[in-house]
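Reading through the structure tokens given below for one structure.
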Amino acid sequence: MDRLQFVFLMKDAFPVYSSQSVNKVTSALIQRLALLTVLAYLPILALANTCTPEHTNAVLNVPGTFATIQAAVNASAAGDEIVIGNGTYNESVNLNTAGGDITIRAANPGMVTVNGGTSRAFSVTGFTGNVTIDGLVLTSSMDNSTSGVISSINLTGRLTVSNCTFSPTAAQFLTDGIYCFSDVNNVPTQVSILNNIFGAFDNDQLIYIEAGDGNTTNANVDILIDGNTNTGVLEDDAVRVVTESSNSNTTMVITNNIFSGWTGSGAGLDVHIGFGGTPPTGQTARLLFDNNMISNTDGDGITLNLDGINTDIFAIISRNTITGNANTETGIFVDDDSSGDGIEATIFLTDNTI
């Protein structure tokens, strides 16, 4: 038996575009208590994440010392920082050759373009180390719905993408902006996506994160998505996150993002705790979706899909602004999936404007 508990006080309550009635909550006391409860579960490192590692061995300059970004990555040691001068770099950078933790940043944010051509701008697969990409303009003409301009697969470490601009070479991107996938037991998915600007996307997500599959176990999830926006059309979800690892803990913070301009079907935030043909067992999730602005989505503003066996969820969905049009389906939609069993969910819905 599943138990979903919605917690809200009503003052000037109004209906939300949802199959379940969600009401506006204006009690500051209740909101503070709820926020304090969920914030107690948030790792401080995720909230205070910066683009520079604690220890930097060396600064490698491109093109001053190395002609290409790839050459600098190949020569790097753990903790090195690659600083790129103004210009356009036509290369698809493989980060697997780095010596360990690596930071790649523009000397002058917004003045460095990395063009991956028909491939990814940056990719990393099965690598151990933290990866930070900061201040770049990223582009690619790749046509691949299961990859991304930045692609991270089975990374043992944190991926941070910050202050980047995703600008398509043609009218629209034909792949995801940031694609993260992991299905390795005991390896956490750690992602920080901060203050990026996304251009137009054709049938692909701006941000896609899939943590685990039905057979993955003990792979925790730590995700911070904050301050991102888009300037072009959307034809799929802005953010899609799926967690599927059994016996795992998820901390997910999605805050202060602004998404708009759908011309095809897609949600603003599309989050699945448990998914797929084999529901995970024993997931614990702590979620905060706060102060996001989602306009004219061709689907749901925020979707939270609950699945799995013996799943424990505490979520706050607060201060989000969702505006719709004739194609908008639901403002905030929470779905207890039919394949779930033993789901315990407490969800605070506070001060949302729909």
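Within segment 91-152, DSSP assigns beta bridges of which about 0% are antiparallel (rounded to the nearest 5). Taking a point 7 Å from the Cα of Asn57 along the Cα-to-Cβ direction, the residues of segment 73-110 with backbone N closer than 20 Å to it are 73-84, 94-105. Taking a point 7 Å out from the Cα of Asn154 in the direction of its Cβ, the residues of segment 92-125 whose backbone N falls within less than 15 Å of it are 96, 124-125.
Where does the charge balance sit around Ser147 when Lys and Arg score +1, Asp and Glu -1, over other residues with C-beta under 11 Å from its C-beta?
Every neighbour counted, the sum reads -2.
Once you order the gyration tensor axes a ≥ b ≥ c over the Cα atoms, which shape class does segment 221-354 get: rounded for a/c under 1.5, otherwise prolate or oblate by comparing a/b with b/c? Prolate. For the pair segment 60-135 / segment 266-302, the C-alpha centres are spaced 32 Å from each other. Summing Lys and Arg as +1 and Asp and Glu as -1 over all other residues whose Cβ lies under 11 Å from the Cβ of Asn291 gives a net charge of -2. Solvent-accessible surface of segment 166-264, taken per residue with a 1.4 Å probe and all protein chains present: 28 Å².
The listed residues Phe348, Phe173, once ranked by accessible area (1.4 Å probe) with the largest placed first, stand as Phe348, Phe173. Using the Karplus relation 6.51 cos²θ - 1.76 cosθ + 1.60 with θ = phi - 60°, the per-residue 3J(HN,Hα) values for segment 79-87 come to x, 6, 10, 9, 10, 10, x, 4, x Hz, with x marking Gly and Pro.
With a/c under 1.5 counting as rounded, go ahead and sort segment 115-163 into rounded, prolate or oblate using the C-alpha gyration tensor (a ≥ b ≥ c being the square roots of the eigenvalues; past the cut-off, prolate if a/b is larger than b/c, else oblate). Verdict is oblate for segment 115-163. Keeping the other protein chains in place, figure out the carbon and sulfur percent of the accessible area of segment 151-246, with a 1.4 Å probe. Ligands and nucleic acids excluded, carbon and sulfur give 43 percent.
The residues neighbouring Thr263, those whose beta-carbon lies less than 12 Å from its own, together hold a net charge of -4 under the Lys/Arg +1, Asp/Glu -1 convention. Where both bridge residues fall in segment 193-326, DSSP classifies roughly 0% of the beta bridges as antiparallel.
The values are calculated or read from the model by the stated rules, or taken from the named source; none is laboratory data. Predicted model only: the values in this text are computed from it and were never measured. Methodologically, a virtual Cβ is constructed for each residue, glycine included, from the backbone with ideal geometry; neighbour enumeration extends over all protein chains shown. Just the protein is used for accessible areas: all its heavy atoms, side chains included, with ligands, DNA and RNA removed. Shrake-Rupley method; radii C 1.70, N 1.55, O 1.52, S 1.80 Å.
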